[in-house]
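Taking it in order: structure first as structure tokens, then the write-up.
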Amino acid sequence: MRWLALVLVVLSWTGVACAAEPATHPAQVVRVVSGQTLEVLLPNGPAEPQTVRLLGLDAPDLRQEPWGEAAQAYLAEQLEGQTVGLEPDVEPVDSYGRQLAYVWQDGQLVNERMIAQGWGLAIARAPNLRYDDRFQQAQMVARALGRGIWNPDQPLRQTPTEFRQSLPDAS
């Protein structure tokens, strides 16, 4: 019965993932900082790279071995040097001054792909909830298939948020 539920989730997720790319702002990815943060150059924007935080995704901290570096490497392989589309939501900037965006590449939502491959947790942060349902479905698929942080032989035991809060320099 579990396999039937998995098939239904995969089919529904696959159908949603093929939706058309919305209107976005182009950006050139110059560096992947982590599994959830990019540096991009914007056409007609400042000459220095701008920091972009992927919405709806909480990727492992780089110090969470081996998942943080693996998430960063996966994202870098996909995006460094590439042109992507940035789609803002209700709140366009976080408290650190980073742009908040959904990142699109070749009609695919990169934030969702990271979650579906098991390189991060789906995390809802109001008011930016546009693709929350898609991200939750992608996480169900990754978890059911044991991808990345959901690998039963080496699972992530502490969420990225819990890990960061446990660090001595966390306030």
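The label-point distance for Gln165 and Arg125, in a model that sets each label 7 Å from Cα toward Cβ, rounds to 1.5 nm. For the stretch 53-79 versus the stretch 144-171, the inter-centroid distance based on Cα atoms is 12 Å. Note on the chain: with charges restricted to the Cβ of Lys and Arg (+1) and Asp and Glu (-1), its dipole about the Cα centre is near 420 debye. Remark: the stretch 32-81 carries a charge dipole of roughly 140 debye about the Cα centre, counting +1 on each Lys and Arg Cβ and -1 on each Asp and Glu Cβ. Ordering Gln137, Tyr102, Pro92 by Cα displacement along the dipole of the stretch 90-171 toward the positive end leaves Gln137 in first place; charges were set at the Cβ atoms of Lys, Arg (+1) and Asp, Glu (-1). Among Asn111, Asn44, Asn151, the largest mean-square fluctuation in a Gaussian network model of the chain (Cα springs under 10 Å) belongs to Asn44. The H on the amide N of Leu57, modeled in the peptide plane, is under 5 Å from the matching H of Ile123, each at least 5 residues off or on a different chain. Close amide-amide hydrogen proximity is noted between Leu100 and Arg53, Val93, Asp94, each under 5 Å apart and 5 or more residues distant or on a separate chain (H modeled in the peptide plane; Pro and chain starts excluded).
Scalar couplings 3J(HN,Hα) for the stretch 54-66, obtained by applying the Karplus form with A = 6.51, B = -1.76, C = 1.60 to θ = phi - 60°, are 5, 6, x, 10, 10, 7, x, 4, 4, 7, 8, 7, x Hz; x denotes Gly and Pro.
Of the residues Ala47, Ala116, Ala71, the one that moves most in a GNM of the chain with alpha-carbon contacts below 10 Å is Ala47.
Each value in this text was obtained by applying a stated rule to the coordinates, not by laboratory testing. Since this is a predicted model, take the numbers as computed values, not measurements. Note that we place each Cβ from the backbone using ideal geometry, even for glycine, and neighbour counts take in every protein chain shown.
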